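**Student:** Okay, handing you the structure first.
Here, each number is a calculation from the coordinates, and none is a lab measurement. As the structure is a prediction and not an experimental result, all values here were calculated from the model. Ideal geometry is used to build each Cβ from the backbone, glycine not excepted, and the neighbour counts take in all protein chains shown.
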Amino acid sequence: MHVIRLLVLTSVLSGCFYTDPINQRPSIAIHPAKPGSAVSRGDRDVKFDAVSSDPDGDTVALTWRAYACNGSVCDPKEFQSSADTMFDLIMVPLANAAGETYDTLEIRLEGRDALGATAKPSQVLDVHLGDAGPKIEFRTDPRNAVVNAPLGIYAEVTDADDPVSSPTHPYSVTWQVMTPPTSQDFELVDKPVSGTDETHLELGRSFTAHDVGNWTIEVTATDPLGLQTVEDLTVPVAADQLPCVAQWAPAATTDPGTTLPLTDPTLFQVLVATDDLDPYPSVPNDPVLGTTEFHWSIVPPGGSREQLTNVTGNAVALDPDSYMPGDLVELRVEIQDRNHRAVSCPDGDLTCSLTTDASCSQRLTWRVEVR
Amino acid sequence: MSRFGFVLVLVLALVGCGFGGADGIRSDAGGQSDDANGCSSVLIFDPASPVAGDHIKVTAQVFGPGVLDYVWQVDGVSNTHYEGPGTGTNHHSAIGFDAPTANSHTVNVEILGSSGCSSAQQTINVMNPNGTLVMYRVRLTPPAALAPPQETLIQVHGGQNANRPFAVDPGTVLSGTVTAGSAIDAYVKFTPVLGPAFDLVTTGAFTTHLQLQAHTVLVIPQNNALAPRLFTWMPGMGPNAFPVDAGTPVGGTVLDRGGAPLANAQVQLEQLGVPSTIATTAANGTFTAHHTFDATDPITVTITPPATSGLARLTATAAFDLTKSIQISYAASPATCNLAGTPVTRATSPQPNALVTVVGALVGTAGTVTTGGISANATGAVHVAAIASGAGALPSMLVPRAALSAVIEVAAGDFAVASLDTSTCAAQTLDAPAAIVATGQIENATATTTLAGARVEAVPIGALALANLIPVEATSDSSGHFALALAAGAHYALHFFDPGGRGAPHDYPDETASGVPGEALLNAAIAISGQVTVIGFPNAVANASIQILCADCTGVAASQPIAATATDGTGAYRIAVPDPM
């Protein structure tokens, strides 16, 4: 006995004897990132948080696995795995290879500390998968809505887990217009569009409001299981804007005391006219947009104003050889859009703005001195 | 190495210097990326001008520290391979791909790890090896507050659309003043060494954008007592003050064909586009004009006689010595003919108040212009106008005896052109046939579709153009039909085009009313598209005018676009031009 005590004492004093504390298992738990929120087939970015701890303070390595299940049968292989603290499912699967829709999501989490001890039991969270409702996305023609001008409005309906164009599982989509308080005068007519397939339903309407205001287009989509989604699109409808001469060449006359010398044959042209519906140059292949109308006139030397009724384009040429040196010629262009608002300023005004914005002129004048 | 034996760096090294290279507009912007902290990257294409069937290698050259890797994306190509040297990052610094068809590909590379460079992007156009090439001028006019008008030449290959982004040089702002002691009213025209001229009318002070290159600045004062003057302006050097004065006087005399002094003739001189003041002869035929010309370049002298003289307008060009008096003499021949009493009719009916303009060019020498020992023969152009009486007969109207033409305007816009031979001054009648309504149908290039909303412009040429250049225009109806009321006897240049871009313009350079095609086919079109930006501005340029012009025409045709469009709210444009095929 004394010998044993001596050995123990010797070992302790020499440092050769120690007691290793027992490693303990970590503990883990799964927390949905949004507790209580329903998860549907086809949902994206469904997130789960892992809560882990280790009594020994070790780092806990996590392993997530997600399985899709139909009834009590889960797919043998996970559809996504991760080792992060947060498990972010890219997309919840819809159906298995046999076409059977999944109804449950099984999330499994395992934890292992630095010494290899695993958390017991591993965590399993079963999440019921609901029917994914329709999704509606709007787009419109790329321009502002203007009174009396049709605007294409398009709704794309998608459904993660139901075909949107199946004859056996009809999909219902209805359109409704909420009018502003001051008007109920509008047209909403079918506008055929392409692009519909099993997963995308493309619908179009041509919407024409006959008054200004905020109009609301409401689309209701109902999937074959009766799940309904309603989306609104507010369409601010504005009054037609007047066209503005935006760019021209050569320099126009803005001061009555100045003239432009005409030394060579010169093309007087409007390069750009801005307008909400009738710009110049026109926009090709747009069934609604038109183009600016040009009305030219000329005051020959010593004469009075003559309308150039044969000229409807954006340019007129003058040749000094048609005149005498020193002759004064006044060339004028006035522009209108489809609403033909008269350019009603006095004839002596070199420019004319029918709006409060003086920089938006509907008239240009070139006072030319032949050199 | 490419078949051409060279590799072209498709981006301009001068971008950062604000100098746009030869064309003034930086096309194909984006190949070089210059980040704020000094890093820059360049994409190098081999071959530089690929054709369908080529294998294209793209190398990213990054001038900056810390590059970790490259992530490539090629628009319209699914299969690319790393072709850089060595392994790892270096191996990823270049990619290769096959281009089996003529197409445009936008190559984008993300540069990972660099503290400065983030990405570079470049569009490469793969050409049709059998396509014809054609050059067009592109005139780009951004809003004046952003940048001055600019031009570049582009090469278009037959049979394929082209992507042509443009980065416009904003240049610099000139705040200038035209003075003659104090600020004065003036016309100012700026002409860069490379690029289009543009102008402004000022009451003295003005502000404008100019490209960063030398310009000539022509100042024409509104006051005819002050001589127009040409300045040279250099970026960073100016000037910004443009003083004008009376200039240098030059006197002379104008004598009519009998050697008598000619009063009320107008004399103007011009040198290299710079005019003198306009001088009017006194009763003794003398005049004094003021100029700012140099002593070396040719000078053009133009004499416009009074309308009642029956004389032609004279023009002569030579290195006249303006230190000497200018002697101008009309040739004794041709004599004049008075058209007084000549009936103006339409289908035998007199045409009261018809405006008759007699035009034409005289054969041979119409006069001489002499300064000291330098003498030049002058050409003669006839332009005499008169209004018929209420009975439809011409008043006293002297014209030279020659083979001429009469342009008769029966009513506003209602023209006819008649031959008028006054060589023998025999009595004759000026008949003005009614305008001829020419009709036709505008169709696409393959004649398979009639085009509603297409347009036709008939621009006068020949005798009618000597009287006026006002065009006749029409738009096709829903079935593609058009109708043009054209002056009988007149010639026109016809320009068929479609604002909707369903075909490219088709021009007929010289047609009469009877020659207007009943079936006008537009040319096959290719599209040029792209994005317009101004260097130094993050936003795209909206409402910039883009005109496609012929590469080497002159006069009005030089500013008459083949096709025109404007950028939309995103700075994008698309324009149809003739396919050179």
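**Student:** Of the listed peptides B:138-144, A:95-101, what is their order by residue-averaged count of other C-beta atoms within 10 Å, with the highest listed first?
**Tutor:** On the way: B:138-144: 21.9, A:95-101: 10.6.
Most protected by this proxy first, the peptides run B:138-144, A:95-101.
**Student:** Ok, one more. If we sort B:229-237, A:205-213 on the protection proxy, mean other Cβ atoms within 10 Å, highest first, what's the order?
**Tutor:** Working: B:229-237: 14.3, A:205-213: 18.6.
Packing proxy ranking, top to bottom: A:205-213, B:229-237.
**Student:** If packing is taken as the mean number of other Cβ atoms within 10 Å per residue, what is the order of B:301-313, B:242-254, highest first? Let's see the in-between values first.
**Tutor:** Values: B:301-313: 22.6, B:242-254: 18.8.
Top to bottom by mean Cβ count within 10 Å: B:301-313, B:242-254.
**Student:** While we're here: Amide H neighbours of residue A:246 under 5 Å, counting only residues 5+ apart in sequence or on other chains, H built in-plane at 1.01 Å?
**Tutor:** Sorted by chain and number, the residues that satisfy this are A:272, A:273, A:274.
**Student:** Run the Debye formula on the Cα coordinates of the range B:34-135, all scatterers equal and no solvent, and tell me log10 I(q)/I(0) at q = 0.21 1/Å.
**Tutor:** -1.02
**Student:** In degrees from 0 to 90, rounded to the nearest 10, what is the angle of the helix A:2-14 Cα long axis to the longest principal axis of chain A?
**Tutor:** 20 degrees
**Student:** Okay, helix-only estimate at 222 nm for chain B: each DSSP H run of n ≥ 4 adds -39500 (n - 2.57), divide by all residues, round to 500 deg cm²/dmol; what do you get?
**Tutor:** Details: 2 runs with 11 residues, N = 581.
Result for chain B: -500 deg cm²/dmol, rounded to the nearest 500.
**Student:** Largest first and to the nearest Å, give the Cα extent of the range A:177-243 along each principal axis.
**Tutor:** Reported extents, whole Å, longest axis first: 46, 26, 15.
**Student:** Now for a separate question. Which ordering of B:429, B:280, A:291 is given by a fewest-first count of other beta-carbon atoms within 10 Å? Please report the intermediate quantities before stating the final value.
**Tutor:** On the way: B:429 12, B:280 17, A:291 23.
Final ranking by Cβ density, sparse to dense: B:429, B:280, A:291.
**Student:** Please find the FRET efficiency linking residue B:234 to residue B:182, where r is the Cβ-Cβ separation and R0 is fixed at 22 Å, and quote it to the nearest 0.05.
**Tutor:** Details: r = 26 Å, r/R0 = 1.17.
Step by step, r from the Cβ atoms, then E = 0.30.
**Student:** According to the Cα gyration tensor, what semi-axes, each the square root of 5 times an eigenvalue, does the equivalent ellipsoid of the range B:44-83 have, listed from largest to smallest in whole Å? Don't skip to the end; give the middle numbers.
**Tutor:** Values: eigenvalues 102, 36, 11 Å².
Those come to 23, 13, 7 Å.
**Student:** Largest first, please: the extent of the C-alpha atoms of the protein assembly as shown along each principal axis, to the nearest Å.
**Tutor:** 158, 71, 55
**Student:** Per q in 0.13, 0.32 Å⁻¹, report the Debye log10 I(q)/I(0) for the range A:144-195, using one uniform scatterer on each alpha carbon and no solvent.
**Tutor:** One equal scatterer on each Cα of the range A:144-195 leads to -0.50, -1.50.
**Student:** Given chain B, report the % of alpha carbon pairs whose separation exceeds 38 Å. Write down the numbers at each step before the final one.
**Tutor:** Numbers: 83932 of 168490 pairs.
Value for chain B: 50 percent of Cα pairs lie more than 38 Å apart.
**Student:** For chain A, what is Rg from Cα atoms divided by 2.2 N^0.38 Å, rounded to two decimals?
**Tutor:** 1.84
**Student:** Hey, another quick one. Can you list the aspartates and glutamates whose alpha carbon is less than 17 Å from that of residue A:191, not counting same-chain residues fewer than 8 positions off?
**Tutor:** Once the sequence-local aspartates and glutamates are set aside, what remains near residue A:191 is A:137, A:141, A:156, A:202, A:218, A:286.
**Student:** Can you compute the radius of gyration and Dmax for the range B:288-359, using only the Cα atoms, both in Å?
**Tutor:** Expressed in Å, the Cα Rg and Dmax of the range B:288-359 come to 18.9, 57.
**Student:** Next question, about the same structure. Just tell me how shielded A:319-328 is by partners: mean number of partner chain Cβ atoms within 10 Å of each residue's Cβ, no decimals.
**Tutor:** Details: counts 8, 2, 11, 11, 4, 8, 12, 6, 1, 0.
Averaged over the peptide's residues, the number is 6.
**Student:** Provide the per-residue ³J(HN,Hα) series for the range A:359-371, in order, calculated from phi with Karplus coefficients 6.51, -1.76, 1.60 and θ = phi - 60°, each as a whole number of Hz, with x at glycine and proline positions.
**Tutor:** Karplus-based 3J(HN,Hα) across the range A:359-371 equals 6, 9, 9, 9, 9, 10, 10, 10, 9, 10, 10, 6, 10 Hz.
**Student:** Can I ask one more? So which lysines can residue A:77 reach, going by Cα to Cα under 27 Å and dropping same-chain residues fewer than 8 places off?
**Tutor:** A:34, A:47, A:120
**Student:** I would also like to ask the following. What translational D, rounded to a whole number of µm²/s, comes out for the range B:283-439 from Stokes-Einstein when the hydrodynamic radius is the Kirkwood one over Cα pairs, at 4 °C and 1.567 mPa s?
**Tutor:** Working: Rh = 17.3 Å.
The Stokes-Einstein estimate is 75 µm²/s.
**Student:** Let me ask something else. Given C-alpha coordinates of the range B:351-483, what is the ratio Rg to Rh with the Kirkwood estimate of Rh?
**Tutor:** Details: Rg = 20.3 Å, Rh = 17.7 Å.
With Rg and the Kirkwood Rh in hand, the quotient comes to 1.14.
**Student:** Return the average number of partner chain Cβ atoms within 10 angstrom of each residue Cβ along peptide B:304-315.
**Tutor:** Values: counts 8, 1, 1, 1, 0, 0, 0, 0, 0, 3, 0, 1.
Partner-chain Cβ atoms within 10 Å, mean over residues of B:304-315: 1.
**Student:** Could you calculate the contour length gain from residue B:349 to residue B:327, that is, 0.36 nm times the residue separation minus the distance between their Cα atoms, to one decimal place in nm?
**Tutor:** Separation in residues times 0.36 nm, less the Cα-Cα distance, equals 3.2 nm.
**Student:** Divide by every residue of chain A the summed helix terms, -39500 (n - 2.57) for each DSSP H run of at least 4, and state the resulting mean residue ellipticity at 222 nm, rounded to the nearest 500 deg cm²/dmol.
**Tutor:** About -1000 deg cm²/dmol.
**Student:** Along each principal axis of its Cα atoms, how long is the range B:223-309 end to end? Whole angstroms, biggest number first, please.
**Tutor:** Here the spans come out as 56, 25, 20 Å, largest first.
**Student:** Which order results if B:324, B:57 are arranged by neighbouring Cβ count within 10 Å, fewest first? Display every interim value, and only then the final one.
**Tutor:** Values: B:324 15, B:57 19.
Fewest-to-most ranking of B:324, B:57: B:324, B:57.
**Student:** Let me ask something additional. At a Cα cut-off below 13 Å, give the aspartates and glutamates reachable from residue B:57, other chains included and same-chain residues fewer than 8 away excluded.
**Tutor:** Straight-distance partners of residue B:57: B:46, B:83, B:98.
**Student:** State the antiparallel share, in %, of DSSP beta bridges confined to the protein assembly as shown, rounding to the nearest 5.
**Tutor:** Details: 269 of 295 bridges.
So the antiparallel bridges in the protein assembly as shown amount to around 90 percent.
**Student:** Something else: What list do you get for A:324, A:91, B:397, A:178 if you sort them by fewest beta carbons within 10 Å? Show your work: numbers first, answer last.
**Tutor:** Numbers: A:324 17, A:91 14, B:397 22, A:178 11.
Final ranking by Cβ density, sparse to dense: A:178, A:91, A:324, B:397.
**Student:** Assuming 0.36 nm per residue, please report the length gained on full extension of the stretch residue A:98 to residue A:34 beyond their Cα-Cα distance.
**Tutor:** Numbers: separation 64, 0.36 × 64 = 23.04 nm, distance 3.10 nm.
That pair, residue A:98 and residue A:34, stretches by 19.9 nm at full extension.
**Student:** Right, here's the next one. Give me a single rounded figure for A:246-259: the average over its residues of other chain Cβ atoms within 10 Å of their Cβ. Working shown, then result.
**Tutor:** Details: counts 7, 9, 2, 10, 8, 8, 2, 2, 3, 5, 0, 3, 7, 5.
Neighbouring Cβ atoms belonging to other protein chains average 5 per residue here.
**Student:** Two-decimal Rg/Rh of the range B:106-212 from alpha-carbon positions, Kirkwood Rh?
**Tutor:** On the way: Rg = 20.5 Å, Rh = 17.6 Å.
When Rh is taken as the Kirkwood radius, the ratio is 1.16.
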